[in-house]
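Take a look at the structure set out below.
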Amino acid sequence: MCGIVGYYGHQNPKNVIMSGLKALEYRGYDSAGVAIFDKGGVKRVRAEGKLEKLEGQLKNVNFTGHTGIGHTRWATHGIPSERNAHPHTVDGVSLVHNGIIENYVEIKNELLKSGAKIQSDTDSELVAHLIARSLKKTKSLLKSVFAVLPKLKGAFSIVVISEEYPDEIVAFKNGPPLLLGVGKGENIIASDLQAIVPYTKNILYIEDNEVIHVDGKEYALYSHKGKKIKRKVEKIQWNQEKAEKQGYPHFMLKEIYEQPRTVAQALQPYVDLEKMQLKMESLSPKYEDILSKVNRIVVVACGTSYYSGMVGEYLIEKLAKIPVEIELASEFRYRQPIISKSTLYLFISQSGETADTIAAMKLVKEHGAPTMALCNVRLSTLDRSVDLKMYMNCDSEIGVASTKAFTSSLILLNVFATYLGYLKQELNQKEYVEQIRRIVDFPSLIDKVLAYNSFFKSTAEQLKKFKGFLYIGRGVSYPIALEGALKLKELAYMHAEGYSAGEMKHGPIALIDKKMAIVVVAPEDDVFEKTLSNLEEACARGGQVIAIGTEQNEKMKKLALHYLSLPQAHWSLNPILAVVPLQLMAYHVSDSLGYDVDQPRNLAKSVTVE
Ligand code: M6R
């Protein structure tokens, strides 16, 4: 996580760096800082808390130089505080860092033994010490970075400046993303495109184990061993959206409300309405060749994207009869998975930058198996690396809690499963067209469930009094139960567990009493009656039920304290309808508790550390 920016140029570095940090704040928001050249030296300003704190502190601070760096932090080593905020400055060397230095304990011990005065609890500061020491010998910022790199273990990126070299910036990437924007007489280095595109669309992608050296208007790219690399600067297409709340109190609520449109928008490139068929050419020119050879699919993802993959497992197995496994990206690569070339590896990620997902994808590529991404952020690392790609196409998701990216993924998984079903002749022409028709007609149904906004607004006070929440569901509703629980945990910091309804009697049922809310997701489908029996068992033990079912299901209504009805839909599309009330519930409970809905504590939108 963490957002990093470095700038050399003719514009006011403070303005460019701060606008970059604003674009990157979703990567971490526990503290922030800048170090910018001023009157022959470097002036550093840091603040604990959100970026607006730093902004306030910088209001009347001016800088005379052309060069500077900035950082917005998501703490790994050391609590959020000003002394742990970046940049870290040691003997005129200032450094910002994203990622983890795994051997920091050994480095720290060696530095302490040799008399270094360490000011913070971070692993980052230690790198600044090493570079500052090396600089005394090498008299070159670039050479000192090359000299220090072999001593560092881990996945990390750094950007460094030194008081002695006012026009220079040196950056290194191994893991967390780093890009160079090449402007007219200016160079900007940043974690993400969003920080660069207001200034230039000319982008140099920095790959792992590469060093970039900015020297005024010039720049050079090197391997970590010092070999010069030639790479073309790419001119990218980018429509900068304005991150505006458009009258909503929070981005999250706006994004929940956008879902009828974003689900339709996600679908649009993949459906030929005139011919009533799916258009998959944009996945890759070789899509048919790759997909016709696939006999198994492994979905790899984290968090909410993992839950969409779980829904995908049900969809693809039922509609296309292709075996699917779903893997947590953080586990996948550490258990030496057996990677087969006839398996398609599908990576789901809103950001396309999640460190574990990227690492899993790289491992699969090393084995030569086909890869596919379902992601939202175009030109992200994932997007640039895979063989086949589908886009969530839901515009920027700003709220840290994922909502519209989830529902876009679910509709795309419906499209993909339907396409595979037809390709593998598991769906005949009639079934194929029927399923496309359902998918196309679906988005407007989401409007109906948005009406639960006012219900949850008025019941939030009551809901927040429960001691805990057990979310249950079966079949495609099981991942929705997991997603509902995740939303409440991350936003309202309340105890919430997602469980398969059938598993309750194997343990979690012991949690149930009158203070425990049971949120059951049970639209009418082939497992409805089974879920109902599980619900009866929960009610018999005093659990207070919030039920989500299809239309006016009298059996469920009888058991529920609150009953929320969903419009009639096909089983494959129910998850999209069912998740919306759960998003609204988490939103309102969190808001009524006075929490920061868009930037919940301890989280970041893009998780670029392991
Ligand atoms: O960008 P990704 O989809 O790869 O992100 C994965 C998770 O970090 C993300 O879904 C996270 O769980 C969200 N905070 C959930 O709301």
| message | I need every pair where a residue in the stretch 586-610 that is away from the ligand (no atom under 12 Å from the Cβ) and of a type in the set (Phe, Trp, Tyr) has its Cβ under 8 Å from the Cβ of a residue that is open to solvent by 10 Å² or more (accessible area, probe 1.4 Å) and modelled with pLDDT of 95 or more, sequence separation at least 6 or different chains. | response | Tyr595/Tyr493
| query | How about the stretch 451-463: which of its residues are over 13 Å from Leu582 (Cβ atoms) and surrounded by fewer than 18 Cβ atoms within 10 Å (Cβ to Cβ)? | reply | Ala451, Ser454, Lys457, Ser458, Glu461, Gln462
| remark: From the option list Glu52, Glu82, single residue qualifying as of a type in the set (D, E, K, R), open to solvent by 50 Å² or more (accessible area, probe 1.4 Å) and not in a helix (DSSP H, G or I) is Glu82
| Taking the stated definitions as given, is His88 touching a Cys at 6+ places or on another chain (Cβ under 9 Å), at pLDDT 95 or above and within 30 Å of Pro600 (Cβ to Cβ)? | no
| Under 8 Å by Cβ, and 6 or more places apart or on different chains, what pairs join a residue from the stretch 344-362 that is among the basic types (Lys, Arg) with one that is more than 9 Å from the ligand (Cβ to nearest atom) and outside any strand (DSSP E or B)? | Lys362/Ser385
| Here are some residues: Val377, Val415, Val400. Which one is assigned by TED's automatic domain parsing to the domain that holds Pro323 and in a helix (DSSP H, G or I)? | Val415
| request: Just name the residue that is least open to solvent (accessible area, probe 1.4 Å) out of those in the stretch 413-444 that are among the charged types (D, E, K, R) and within 25 Å of Phe347 (Cα to Cα). | output: Lys424
| field | Criterion: surrounded by fewer than 24 Cβ atoms within 10 Å (Cβ to Cβ) and of a type in the set (A, V, I, L, M, F, W, C) - qualifying residue of Leu593, Leu573, Leu584 | value | Leu593
| field | Residue match in the stretch 210-219 (condition: touching a Gly at 6+ places or on another chain (Cβ under 6 Å), in the same structural domain as Phe172 (by TED's automatic domain parsing) and either away from the ligand (no atom under 16 Å from the Cβ) or under 26 Å from Val415 (Cα atoms) (or both)) | value | yes
| field | Number of the condition not met by Ala301 [criteria: (1) surrounded by fewer than 21 Cβ atoms within 10 Å (Cβ to Cβ); (2) under 19 Å from Ser409 (Cβ atoms)] | value | (1)
| task | Kindly provide the set of residues from the stretch 84-98 that are within 13 Å of Val45 (Cα to Cα), of a type in the set (S, T, N, Q) and touching a strand residue (DSSP E or B) at 6+ places or on another chain (Cβ under 6 Å), ordered by number. | result | Thr89, Ser94
| remark: Note on the stretch 356-372: residues open to solvent by 10 Å² or more (accessible area, probe 1.4 Å) and in contact with a helix residue (DSSP H, G or I) (Cβ under 6 Å, 6 or more places away or on another chain) are Asp356, Ile358, Ala359, Leu363, Pro370
| said: Among the residues of the stretch 498-521, are any in contact (Cβ under 8 Å) with a residue 24 or more places away in the chain, open to solvent by less than 10 Å² (accessible area, probe 1.4 Å), within 16 Å of the ligand (Cβ to nearest atom) and not basic (Lys, Arg)? | reply: no
| request: Only one of these is over 17 Å from Leu412 (Cα atoms) and either surrounded by fewer than 24 Cβ atoms within 10 Å (Cβ to Cβ) or assigned by TED's automatic domain parsing to the domain that holds Ile203 (or both): Glu327, Glu353. Name it. | output: Glu327
| said: Among the numbered criteria (1) within 14 Å of the ligand (Cβ to nearest atom); (2) in contact with a Gly (Cβ under 9 Å, 6 or more places away or on another chain); (3) outside any strand (DSSP E or B), which one does Val299 miss? | reply: (3)
| field | Matching residues in the stretch 385-409 - criterion: being touching a residue at least 40 places away in the same chain (Cβ under 8 Å), open to solvent by 10 Å² or more (accessible area, probe 1.4 Å) and more than 11 Å from the ligand (Cβ to nearest atom) | value | Asp387, Lys389, Tyr391, Asn393, Asp395, Ser396, Ile398
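Conditions tested, residue by residue: (1) out of contact with any Phe, Trp or Tyr (no Cβ under 8 Å at 6 or more places or on another chain); (2) buried (at least 16 other Cβ atoms within 10 Å of the Cβ).
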residue: Gly20; (1), (2): no, yes
residue: Ala32; (1), (2): yes, yes
residue: Arg46; (1), (2): yes, yes
residue: Asn60; (1), (2): yes, no
residue: Phe63; (1), (2): no, yes
residue: Pro87; (1), (2): yes, yes
residue: Leu111; (1), (2): yes, yes
| query | Are any residues in the stretch 348-384 more than 14 Å from the ligand (Cβ to nearest atom) and of a type in the set (Ser, Thr, Tyr), and if so, which ones? | reply | Thr371
| said: Here's a check for you: in the stretch 464-489, which residue that is open to solvent by 10 Å² or more (accessible area, probe 1.4 Å) and not aliphatic (A, V, I, L, M) is nearest to the ligand (Cβ to nearest atom)? | reply: Lys489
| task | For the stretch 72-113, enumerate the residues that are under 13 Å from Val127 (Cα atoms), of a type in the set (Asp, Glu) and either in contact (Cβ under 8 Å) with a residue 40 or more places away in the chain or not assigned by TED's automatic domain parsing to the domain that holds Ala171 (or both). | result | Asp91, Glu102
| task | Please work out which residue is farthest from His129 (Cα to Cα), limiting yourself to the stretch 89-107 and to residues that are more than 24 Å from the chain's Cα centre (by Cα) and crowded, with 17+ Cβ neighbours inside 10 Å. | result | Tyr104
| request: Give the residues of the stretch 206-221 that are open to solvent by less than 10 Å² (accessible area, probe 1.4 Å) and within 29 Å of the chain's Cα centre (by Cα), sorted by residue number. | output: Ile206, Val211, Ile212, Leu221
| For the stretch 318-347, what are the residues that are away from the ligand (no atom under 16 Å from the Cβ) and not in a loop (DSSP other than H, G, I, E, B)? | Lys318, Leu319, Ala320, Val324, Glu325, Tyr334, Arg335, Thr343, Leu344
| query | Considering only residues of the stretch 143-194 that are assigned to a strand (DSSP E or B) and within 26 Å of Asp395 (Cα to Cα), which is most open to solvent (accessible area, probe 1.4 Å)? | reply | Val182
| request: Collect the residues in the stretch 304-317 that are open to solvent by 30 Å² or more (accessible area, probe 1.4 Å) and within 11 Å of the ligand (Cβ to nearest atom), keeping them in residue-number order. | output: Tyr306, Tyr307
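The values are calculated or read from the model by the stated rules, or taken from the named source; none is laboratory data. Because the structure is a prediction, the values reported are computed rather than measured. Ideal geometry is used to build each Cβ from the backbone, glycine not excepted, and the neighbour counts take in all protein chains shown. Accessible surface areas use protein heavy atoms only, side chains included; no ligands, DNA or RNA. Shrake-Rupley method; radii C 1.70, N 1.55, O 1.52, S 1.80 Å.
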